[in-house]
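Participant: I'd like to ask some things about the structure below.
The values are calculated or read from the model by the stated rules, or taken from the named source; none is laboratory data. None of the values given here were measured: they were computed from a predicted structure. Methodologically, a virtual Cβ is constructed for each residue, glycine included, from the backbone with ideal geometry; neighbour enumeration extends over all protein chains shown. Remember, those area values only see protein heavy atoms, side chains included, never the ligands or the DNA or RNA. Shrake-Rupley method; radii C 1.70, N 1.55, O 1.52, S 1.80 Å.
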Amino acid sequence: MFTLSQFPLPYASDALAPYISAETLSYHHGKHVATYINNLNELITGTAYETMPLTKIVRTSLNNDQKIFNNAAQVYNHDFFFNCLRPANKQMEVPEKLAAAFGGKDELRNQFRTAALSVFGSGWAWIVYDGGSYKIITTANADTPIAHGMTPIFTIDVWEHAYYLDYQNRRAEFVDAVWDNLANWDFVAENMKL
């Protein structure tokens, strides 16, 4: 069984301010993620999934049980997303190797921003490693790259619950704030060590 304490925020709840408020993190992590974990626990109790690690549940349930997949993938996606962020007062640089794969830092930012803003409704924008190269993809709802054999490198949650309290319907401002001020490029660099 899973608990919220297995997926802690890697920083204080106010560490992302002023770009993401403690109130938003309280709802996003403390309520939304907790609900996915509780739902997942209820769904897997007494099943073969009960003893599996989270990533195996995601991969195994993809075509077998949509409810289990949705909740497990959302736990995974959110934990990955929160690790993609770092305190607002900590400066980092985009890894050169990643920037070069997209034609430079500005081009990488532009391509990622375009992808994040193109998600219709709820979903995610990702940088992934797939087939020997880095790519930018989007997924809808709970879908996740690990269910499709890709290695996630970076993500941003573009479900409204990720930003509505701070930005209302201004997704573009949220995406810019995350990329320019909160992206944890050290975590990204670790994910690139394939």
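Participant: Mind telling me which of the residues THR35, THR24 ends up being among the β-branched types (Val, Ile, Thr), under 15 Å from ALA162 (Cβ atoms) and free of Cβ contacts under 8 Å to residues at least 12 places away in the same chain?
Facilitator: Unique residue meeting the criteria: THR35.
Participant: Against the condition within 20 Å of VAL178 (Cβ to Cβ), more than 16 Å from the chain's Cα centre (by Cα) and among the hydrophobic types (A, V, I, L, M, F, W, C), how does ALA125 come out, does it pass? Full working, then the answer.
Facilitator: Working: within 20 Å of VAL178 (Cβ to Cβ): yes; more than 16 Å from the chain's Cα centre (by Cα): no; among the hydrophobic types (A, V, I, L, M, F, W, C): yes.
The answer is no for ALA125.
Participant: Looking at segment 124-133, is at least one residue surrounded by 14 or more Cβ atoms within 10 Å (Cβ to Cβ), outside any strand (DSSP E or B) and at pLDDT 95 or above?
Facilitator: Taking every residue of segment 124-133 in turn, none turns out to be surrounded by 14 or more Cβ atoms within 10 Å (Cβ to Cβ), outside any strand (DSSP E or B) and at pLDDT 95 or above.
Participant: Sticking with this one: Please determine, by comparing only the residues of segment 93-109 that are under 14 Å from ILE127 (Cβ atoms) and among the charged types (D, E, K, R), which one is surrounded by the most Cβ atoms within 10 Å (Cβ to Cβ).
Facilitator: For segment 93-109, the residue satisfying everything is ARG109.
Participant: Report, by residue number, each residue of segment 140-171 that is part of a strand (DSSP E or B), under 17 Å from PHE69 (Cβ atoms) and in contact (Cβ under 8 Å) with a residue 40 or more places away in the chain. Spell out the reasoning first.
Facilitator: Step one: filter segment 140-171 for residues part of a strand (DSSP E or B), giving 140, 151-157.
Subsequent filtering for residues that are under 17 Å from PHE69 (Cβ atoms) retains 140, 152.
Result: PRO152, single match.
Participant: Could you check, for segment 73-86, whether at least one of its residues is polar (S, T, N, Q) and free of Cβ contacts under 8 Å to residues at least 24 places away in the same chain?
Facilitator: Filtering segment 73-86 down to residues polar (S, T, N, Q) leaves 74, 77, 83.
Retained after the next criterion (residues that are free of Cβ contacts under 8 Å to residues at least 24 places away in the same chain): none.
No, the conditions are met nowhere in segment 73-86.
Participant: Now, a different point. For ALA177, are the conditions met, namely being under 23 Å from TYR27 (Cα atoms) and touching a residue at least 40 places away in the same chain (Cβ under 8 Å)? Full working, then the answer.
Facilitator: Details: under 23 Å from TYR27 (Cα atoms): yes; touching a residue at least 40 places away in the same chain (Cβ under 8 Å): yes.
Taking the combined requirement at face value, the residue satisfies it.
Participant: Any idea which of ILE156, ILE136 is more than 13 Å from the chain's Cα centre (by Cα) and either modelled with pLDDT of 95 or more or open to solvent by less than 10 Å² (accessible area, probe 1.4 Å) (or both)? Steps first, please.
Facilitator: Numbers: ILE156 fails: more than 13 Å from the chain's Cα centre (by Cα).
Being more than 13 Å from the chain's Cα centre (by Cα) and either modelled with pLDDT of 95 or more or open to solvent by less than 10 Å² (accessible area, probe 1.4 Å) (or both) holds for just one of ILE156, ILE136, which is ILE136.
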